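> Once you've had a glance at the structure underneath, I'll fire off some questions.
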Amino acid sequence: MYSMTRLADTIRILPERFGENLDKVVEEIVQKNFEGTMRKNYGIIVAADNISPVGDGIIIHGDGAMYQRVAFDALLFKPSLQEVVDGIVCEIVEFGAFCHIGPIDALIHMSQIMNDYVEVDAENEIITGKEKKQTLRKGDPVRARIVAVSLNELSVRESKIGLTMRQPSLGSHDWIHETDEDIKKDKKDKKVKKDKKKDK
């Protein structure tokens, strides 16, 4: 999901900035131009750090600006199929729920939220299971598995990530804790029954 790598690219520095501190200008332009963008082979550049110019800049005749090669450490986010991620529900819609996973939003379709028929109340931003009565609300922390990835290099917001929570140990953190407690209770009950049989 997250990784660090050293990247290199070229930036354009306008003539009116030639009198400024080059390192500061380079840092500002790199962060402005590259943070939040998508690189197909790397993913989303979340942050750029340790930025430095590489060699001398080049001024092209008829342009006036300087083209400067730069290198920087990039914090990258690249979602992978079958990866388990934690997120926060940010919106409930008629067809499911969107949640923040790192710097991008992903969709949990209503059919992938829980092993139950669900009722979606988009106005009050709540999804309820008909039988188990489990609920999912805006702001709930969730754990899900990535089942579809379509990254758009031109527009990060147009990227599509699909999630499922219909597997063991996935879902709202509240459901996961409830399941853990149920497992502990079942184990305790079995032990008590076993001990009673021994006493007999």
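The values are calculated or read from the model by the stated rules, or taken from the named source; none is laboratory data. Keep in mind that this is a model prediction, so the values were computed, not measured. Counting neighbours? That spans all protein chains shown, and the Cβs are built from the backbone with ideal geometry, glycine included.
> Are there strands (runs of 3 or more DSSP E) fully within the stretch 1-97 with at least 3 residues that are closer than 30 Å to GLU123 by Cα and at pLDDT 90 or above? List them.
In the stretch 1-97, 84-93 are the strands (runs of 3 or more DSSP E) which contain 3 or more residues that are closer than 30 Å to GLU123 by Cα and at pLDDT 90 or above.
> Answer yes or no as to whether PRO53 is in contact with a helix residue (DSSP H, G or I) (Cβ under 7 Å, 6 or more places away or on another chain) and not assigned by TED's automatic domain parsing to the domain that holds GLU158.
Working: in contact with a helix residue (DSSP H, G or I) (Cβ under 7 Å, 6 or more places away or on another chain): yes; not assigned by TED's automatic domain parsing to the domain that holds GLU158: yes.
Considered against the rule, which asks whether it is in contact with a helix residue (DSSP H, G or I) (Cβ under 7 Å, 6 or more places away or on another chain) and not assigned by TED's automatic domain parsing to the domain that holds GLU158, PRO53 comes out as yes.
> With the checklist (1) at pLDDT 85 or above; (2) outside any loop (DSSP other than H, G, I, E, B); (3) over 30 Å from GLU35 (Cβ atoms) in hand, flag the one item VAL142 doesn't pass.
Condition (3) is where VAL142 drops out.
> Looking at (1) assigned by TED's automatic domain parsing to the domain that holds TRP175; (2) touching a residue at least 60 places away in the same chain (Cβ under 8 Å); (3) surrounded by fewer than 19 Cβ atoms within 10 Å (Cβ to Cβ), which one does GLU91 not meet, given that it meets all the others?
The single condition GLU91 does not satisfy is (2).
> Considering only the stretch 105-131, state which residues are among the aliphatic types (A, V, I, L, M) and touching a Leu at 6+ places or on another chain (Cβ under 9 Å).
ALA106, LEU107, ILE108, ILE113, MET114, VAL118, ILE126, ILE127
> Spot the failing condition for ALA148; the list is (1) farther than 30 Å from PHE34 by Cβ; (2) in a strand (DSSP E or B), and only one is missed.
Checking ALA148 against (1) farther than 30 Å from PHE34 by Cβ; (2) in a strand (DSSP E or B), the one that fails is (1).
> Output the number of residues of the stretch 103-139 satisfying the condition of being part of a strand (DSSP E or B) and either more than 24 Å from the chain's Cα centre (by Cα) or under 16 Å from ASP174 (Cα atoms) (or both).
Selection size over the stretch 103-139: 10.
> Being crowded, with 19+ Cβ neighbours inside 10 Å and closer than 17 Å to LYS24 by Cα is the filter here; which residues of the stretch 61-82 pass it?
Passing the criteria: MET66, GLN68, VAL70, PHE72.
> Here's another thing I want to ask about it. Of the residues that sit in the stretch 94-145 and are in contact (Cβ under 8 Å) with a residue 60 or more places away in the chain and β-branched (Val, Ile, Thr), which one is surrounded by the most Cβ atoms within 10 Å (Cβ to Cβ)?
That would be ILE101.
> Another one. State whether the residues of the stretch 152-164 include one that is farther than 29 Å from LEU7 by Cβ and assigned to a strand (DSSP E or B). Spell out how you get there, then give the answer.
First pass over the stretch 152-164, keeping only residues farther than 29 Å from LEU7 by Cβ: 164.
Those still in the list that are assigned to a strand (DSSP E or B) too: 164.
So far as the stretch 152-164 goes, yes, one or more of its residues are farther than 29 Å from LEU7 by Cβ and assigned to a strand (DSSP E or B).
> Tally the residues that are surrounded by 12 or more Cβ atoms within 10 Å (Cβ to Cβ) and not basic (Lys, Arg), restricting the search to the stretch 150-164.
Adding up the residues that qualify gives 9.
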